[in-house]
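Inspection log for the structure reproduced underneath, given as C-alpha cells.
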Amino acid sequence: MGGGKRYSAKNMRKPINFTCFAPAAREVFLVGSFNQWQPQVMKRQPDGGWHLQAQLSHGHHQYLFLIDGTPTIDQRAQGIVRNEKNERVSLIAVS
C-alpha cells in the first residue's frame, strides 16, 4: 500500500468570518482556542463593524473579541460556554 496521506475532515480548514459591531472602538482583536488566544487584529468596516476571516478546523472553538482591551462575548455566537478559567467565552462549531 502507498504511504500517501489519508483524507481527514479534522485536518481541513474552512474560512470563517467573524464580525464585531463596535463603532466607537479604537481597536478590536479576535482571540480564541484556534489561535492560541493570541490577538489577531480585526479590520474596521465603514458601517462600524470589525471583520476578520480565520481558517478554522472542524470542531468546536472558543473565542472572544477584545474591544479596546476589554474581553467581550460575541452576541451572535452559536453558544456561550465557560473556559478552563471559568470565564464566559463565545462558542462556534465548524463542520
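Residues that are assigned to a strand (DSSP E or B) and either of a type in the set (Phe, Trp, Tyr) or out of contact with any Asp or Glu (no Cβ under 9 Å at 6 or more places or on another chain) (or both) were ranked within the stretch 70-79; the one that is surrounded by the most Cβ atoms within 10 Å (Cβ to Cβ) is Thr72.
Comparison of Gln62, Gln36, Gln40 shows that the only residue that is among the polar types (S, T, N, Q), under 12 Å from the mean Cα position of the chain (by Cα), surrounded by fewer than 12 Cβ atoms within 10 Å (Cβ to Cβ) and under 28 Å from Met12 (Cβ atoms) is Gln36. Restricting Pro15, Pro23 to residues that are at pLDDT 95 or above and not in a strand (DSSP E or B) narrows the list to Pro23.
The values are calculated or read from the model by the stated rules, or taken from the named source; none is laboratory data. Computed from a prediction, not measured in an experiment: that's the story for all the values here. Note: ideal-geometry Cβ built from the backbone for every residue, glycine included; neighbour counts use all protein chains shown.
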